[in-house]
Amino acid sequence: MTVDEAAAILRRTPGTLRWWRHVGEGPKSFTLGRRVYYDAEELQAWIETESERTARGGGAA
């Protein structure tokens, strides 16, 4: 999927995704020619990892 499509799913701007790519953060991406793309499965895996990593609450009281 394109940067714009991935940004829409993540509810972030394409510029944020470009910044994350620049600093080595965010979901895995790849290039075809000069264009950047995101694999849908990799994007979903990153979302799940971030969800687990940043989860709060739900523990035993």
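The values are calculated or read from the model by the stated rules, or taken from the named source; none is laboratory data. All of these numbers come straight from a predicted model, not from anything done at the bench. Here Cβ is always computed from backbone atoms with ideal geometry, including for glycine, and neighbour counts include all displayed protein chains.
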### Task
Kindly indicate which of 42, 52 is exposed (fewer than 10 other Cβ atoms within 10 Å of the Cβ) and either modelled with pLDDT of 95 or more or out of contact with any His (no Cβ under 6 Å at 6 or more places or on another chain) (or both).
52
### Summary
By residue number, the members of the stretch 18-31 that are within 18 Å of residue 48 (Cβ to Cβ) and surrounded by 13 or more Cβ atoms within 10 Å (Cβ to Cβ) are 20, 26, 27, 29
## Note on the structure
Checked 20, 46 against criteria (aromatic (Phe, Trp, Tyr) and out of contact with any Lys or Arg (no Cβ under 8 Å at 6 or more places or on another chain)); the one match is 20
